[in-house]
Amino acid sequence: YPSKFKMVLLAAGALMFVCLGLGFAIWQDEAGFPFWVIVIASWVGVPFFGIAFIYYCYRVIVPKPAVIVNYQGVFDNSSAVPAGLVKWEEIADVFVYDFKGQHFLGIVPVDLKAFLQRQPVFKRWLIKSNLGMGLPPINIPQSLLRMKVDELLLRIQEYR
């Protein structure tokens with residue numbers, strides 16, 4: 001399960017950015033920032049962080065396992081855009097990596113094309129953008145888990 005404490009902190013951070021964006025929109029004349037800063041902070045930041053706030057609050061109120069490892073495979077439900085069930089026979093590689101100071105568990109499917117076809121369009125776009133940055137298609141962030149991704153990797157390897 002994701003850490004409730006971390007979820008509450010992320011919800012508080014998202015709410016802070018919503019308030020900041022609303023402040024920019026309300027006091028745009030007094031803020032003295034260029035117009036593009038106001039637009040990004042209010043028109044992009046408020047909806048994005050508002051959705052993030054709602055998501056984190058939902059995850060605190062309705063707890064669901066972030067990752068399930070069982071005889072079928074690995075079920076990823078660790079983010080707002082989860083991969084779902086990746087069966088053992090579909091997994092080519094599982095490893096831990098760091099990206100911009102954060103630890104992740106990366107999962108690479110055997111047949112990326114077949115995996116992508118199962119995903120909705122928005123998720124496909126996100127996965128392809130991750131691939132463009134040199135990241136694996138499936139990423140489970142350490143920041144939302146109660147256990148270390150190294151320990152999760154060991155559990156996955158035991159089941160595998």
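The values are calculated or read from the model by the stated rules, or taken from the named source; none is laboratory data. Keep in mind that this is a model prediction, so the values were computed, not measured. Please note that ligands, DNA and RNA were not included when accessible areas were found on the heavy atoms of the full protein model with its side chains. Shrake-Rupley method; radii C 1.70, N 1.55, O 1.52, S 1.80 Å.
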Could you check what % of the DSSP bridge pairs in segment 55-160 are antiparallel, to the nearest 5? 100
Folded to 0 to 90 degrees: helix 121-132 orientation relative to the chain principal axis, Cα: 80
Compute the angle between helix 4-26 and the longest alpha-carbon principal axis of the chain, please, reported from 0 to 90 degrees and rounded to the nearest 10. 30
Just by accessible area at a 1.4 angstrom probe, what is the order of VAL18, VAL44 from largest to smallest? VAL44, VAL18
Could you state how much accessible area TYR1 has, in square angstrom rounded to the nearest 10, with a 1.4 Å probe and all protein chains kept in place? 130
How big is the shadow of the Cα convex hull of segment 67-160, averaged over all directions, in nm²? 5.6
Measuring from centroid to centroid over Cα atoms, what is the spacing of segment 80-111 and segment 15-73 in Å? 25
Which of the aspartates and glutamates could a cross-linker bridge to LYS128, judged by Cα under 20 Å and excluding same-chain residues fewer than eight apart? ASP76, GLU90, ASP93, ASP98, ASP111
Computed [θ] at 222 nm, helices only, for the chain once each DSSP H run of length n ≥ 4 contributes -39500 (n - 2.57): -15000 deg cm²/dmol
Projected-area average for the chain over all orientations - Cα convex hull basis, square nanometres: 10.6
Read phi for every residue in segment 54-71 and hand back ³J(HN,Hα) as whole Hz from Karplus 6.51 cos²θ - 1.76 cosθ + 1.60, θ = phi - 60°, with x for Gly and Pro. 4, 4, 5, 5, 4, 5, 6, 6, 10, x, 10, x, 6, 9, 10, 10, 8, 5
Under a 1.4 angstrom probe, counting protein chains only, how are LYS128, LYS100, LYS113 ranked by accessible area, largest first? LYS100, LYS113, LYS128
